[in-house]
Structure formats: structure tokens, C-alpha cells
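Structure first, then comments.
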Amino acid sequence: MKKHLFKELWMTVTVGCLFAVMTGACAGKNGVKEVETSNDSVVAGLDVSQYQGHIEWKQLSLNRNCIVGSAEYFKDKNLKEDVPVQFVFVRATKSNCVTDANFYTNFEEAKNNNILRGAYHFLIDSVSGTKQAEHFLSVANLEKGDLPPVLDIEKDTKNGNTIELKVSVDQWRKIAKEWLDVVEKHYGVKAIIYTNLNGYNDWVKDDQVLRDHDIWIAKPRGAYNELPENWRFWQFTHKGHATGITENEVDMNLFNGNIDSLKQYVAEKGIKE
């Protein structure tokens, strides 16, 4: 996913609120509570595509120093060792004809290595949402226990340059809703929407249908109190380093809760059958 349009911001919330997002213990910001922290309280994962090349899944772990250095959020987390990969989102499709070259391998290897997995689709503005959804469903064979399907809503890029949308905001939302309608009816669960903070503000937050979805928000180096209240996953860096991935940097993500709440989330909102 994209590696631009963001700037570094300082953390502005209290340490208590920072700790709270990981666990959910006493009321603080966003209704969570202050607790002590440890490696177990950081539930981190990756999103991968063909751009990561070959992945040594059995060796996969997140570099502790890279996590701490990626966002002010982790500055006081006192991580004592590298962090295990608890979940992974795998790019499946784009448009109505593009399939990620490494999707099938990555998706199967995540399962083989007992990593909670999900699949996402990159939306474009020149093809109907229905056709794009049909392509996603033909590729991403989600199974019981997988994370909900994910719709990636962001501007595309070419040669490092952002491509502006060729449709109105209302038409862009319509394409997204068509995809969501088809995919959600197929799996019987509500999808997650991935976007960056600009996309959330421009397309999602003022639309009653879109904002009712759980949000996976891209905000590298951003402050916790800038994230939407309904965020479930936070992509906090595009420049992560992981043992097992040597061909390129990788996006790192945080789940909004501890490992037990992640399991509960999958049981309640993940694929049922």
C-alpha cells in the first residue's frame, strides 16, 4: 500500500491512554483502561503482496527496534524481544483482472504457519464495484476462522506518482458500496475498509454506509489520538523490517486490543463457514 502523503506527528495523549488501546481495562480515552505493558500487549501483524518477494514464513517475526522506532506510540512500550506475527493481510486482487502473483502462496503459508490471515482487494475507479467483487471472490477463497474480507480504498499510483480519481466522490463511494454489497452477501460478514487518513476524511467518515465498517487505517508515524474512533487495525509504518523478509520493506500493523480480544473479534466478525 502507499508510502506517501503522511507526515511525522508527535504523540499528544497520556501514557495511560497509550497503554489502554492494547488491552481494554479502566475507562480512559475511547473507553479503554490503563494497564502495564509487555510484549504480550502488542498484537502486531503485516500486510504483504508480491512486492515482498519470497517470504520465509517459519522465520517470520517483527523487528523490535523497527517497531519502537516507527511510531511515538511505542516509545514507552519497553519491548524486550522481537514481536511475533499474530496476523497478516494478503493482497489478493486489483480491478477486475489483476491477481497478486504471490497471493496463493502467501495465503496458504500463513495458514500453514498458524498465522491469522485475511485478504484484501485494491479498488479502482474505472470498473464497476460488482465486477471487481466477482474477481475478488473468484480468487480469495476465505475460510472459516479467517479475518473479514478487506476493501482497500485509496488513490492508485504510477511510477511513484499519485493518480487522481477520474470520478466524483459520490461515484467513487458507489463503486465501493457495490463491492461491499456483493462480497458481504457472499460471506455473510461485514468487510473491513482500509484507507489512509485523507481517504477516511474525504470518503468514509461522512458516509453513513462506509463509516459503519471497521476501519484499518494507514497513518505512519502518526499519533494515536488522530486515529478514527472505529479503527480496528493501524498500519503504523510502510518501512518495517521483519525476519523472514529480505527483498523489500514491509507494512507493519497493530490490532486495537490484546490477543484475546483479537480471537474474540475473529469469532464474532470473521468468516463463519
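The values are calculated or read from the model by the stated rules, or taken from the named source; none is laboratory data. All of these numbers come straight from a predicted model, not from anything done at the bench. Every residue, glycine among them, receives a Cβ derived from its backbone with ideal geometry; neighbour counts consider all protein chains shown. Side chains included, ligands, DNA and RNA excluded: accessible areas come from the protein's heavy atoms. Shrake-Rupley method; radii C 1.70, N 1.55, O 1.52, S 1.80 Å.
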Residue in segment 150-161 that is surrounded by 12 or more Cβ atoms within 10 Å (Cβ to Cβ), in contact with a strand residue (DSSP E or B) (Cβ under 9 Å, 6 or more places away or on another chain), in a loop (DSSP other than H, G, I, E, B) and among the β-branched types (Val, Ile, Thr) present: yes
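Looking only at segment 264-273, which residues are assigned to a helix (DSSP H, G or I), of a type outside the set (A, V, I, L, M, F, W, C) and surrounded by fewer than 16 Cβ atoms within 10 Å (Cβ to Cβ)? It would help to see each step written out before you state the result.
Filtering segment 264-273 for residues assigned to a helix (DSSP H, G or I) gives 264-269.
Among the residues that remain, those that are also of a type outside the set (A, V, I, L, M, F, W, C) are: 264-265, 268-269.
Correct list: 264, 268.
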Restrict the check to segment 169-179 and report whether at least one residue is among the acidic types (Asp, Glu), touching a Ser or Thr at 6+ places or on another chain (Cβ under 6 Å) and open to solvent by less than 10 Å² (accessible area, probe 1.4 Å). no
Against the condition small (Gly, Ala, Ser) and either surrounded by fewer than 16 Cβ atoms within 10 Å (Cβ to Cβ) or more than 26 Å from residue 167 (Cβ to Cβ) (or both), how does residue 199 come out, does it pass? no
For segment 45-75, which residues satisfy the criterion of being at pLDDT 95 or above and of a type in the set (Gly, Ala, Ser)? 45, 49, 53, 61
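Collect the residues in segment 56-98 that are within 12 Å of residue 245 (Cβ to Cβ) and touching a Leu at 6+ places or on another chain (Cβ under 9 Å), keeping them in residue-number order.
So in segment 56-98, the residues within 12 Å of residue 245 (Cβ to Cβ) come out as 56-57, 59-63, 66, 85, 88.
Selection gives 60, 62, 85, 88.
Anything in segment 205-216 that is out of contact with any strand residue (DSSP E or B) (no Cβ under 6 Å at 6 or more places or on another chain) and hydrophobic (A, V, I, L, M, F, W, C)? List them, or say none. Please lay out each step first, then the result.
Going through segment 205-216, the residues out of contact with any strand residue (DSSP E or B) (no Cβ under 6 Å at 6 or more places or on another chain) turn out to be 205-212.
Passing the criteria: 209, 210.
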How do the pairs read when you match residues in segment 165-178 that are farther than 17 Å from residue 193 by Cβ and of a type in the set (D, E, K, R) with residues anywhere that are open to solvent by 50 Å² or more (accessible area, probe 1.4 Å) and modelled with pLDDT of 95 or more, using Cβ under 9 Å and keeping only pairs 6 or more apart or on different chains? 166/126
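Restricting attention to helices (runs of 4 or more DSSP H) lying wholly within segment 37-144, give those where 3 or more residues are at negative phi and more than 20 Å from the chain's Cα centre (by Cα). It would help to see each step written out before you state the result.
On the way: elements: 64-70, 103-112, 129-139.
Per the criteria, 129-139.
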Step by step: first the residues of segment 238-263, then only those that are open to solvent by 10 Å² or more (accessible area, probe 1.4 Å) and among the polar types (S, T, N, Q), then the one that is farthest from residue 84 (Cα to Cα). Which residue is that? 248
Being in contact with a Gly (Cβ under 6 Å, 6 or more places away or on another chain) and within 21 Å of residue 123 (Cα to Cα), is that true of even one residue in segment 192-209? no
Within segment 221-260, tally of residues that are touching an Asp or Glu at 6+ places or on another chain (Cβ under 6 Å) and part of a loop (DSSP other than H, G, I, E, B): 2
Please work out which one of (1) open to solvent by 70 Å² or more (accessible area, probe 1.4 Å); (2) under 30 Å from residue 56 (Cα atoms); (3) among the polar types (S, T, N, Q); (4) at pLDDT 95 or above is the condition residue 208 fails and give its number. (2)
State which residue is modelled with the lowest pLDDT when the search covers only segment 80-112 and only residues that are open to solvent by 10 Å² or more (accessible area, probe 1.4 Å), touching a helix residue (DSSP H, G or I) at 6+ places or on another chain (Cβ under 8 Å) and more than 30 Å from residue 178 (Cα to Cα). 80
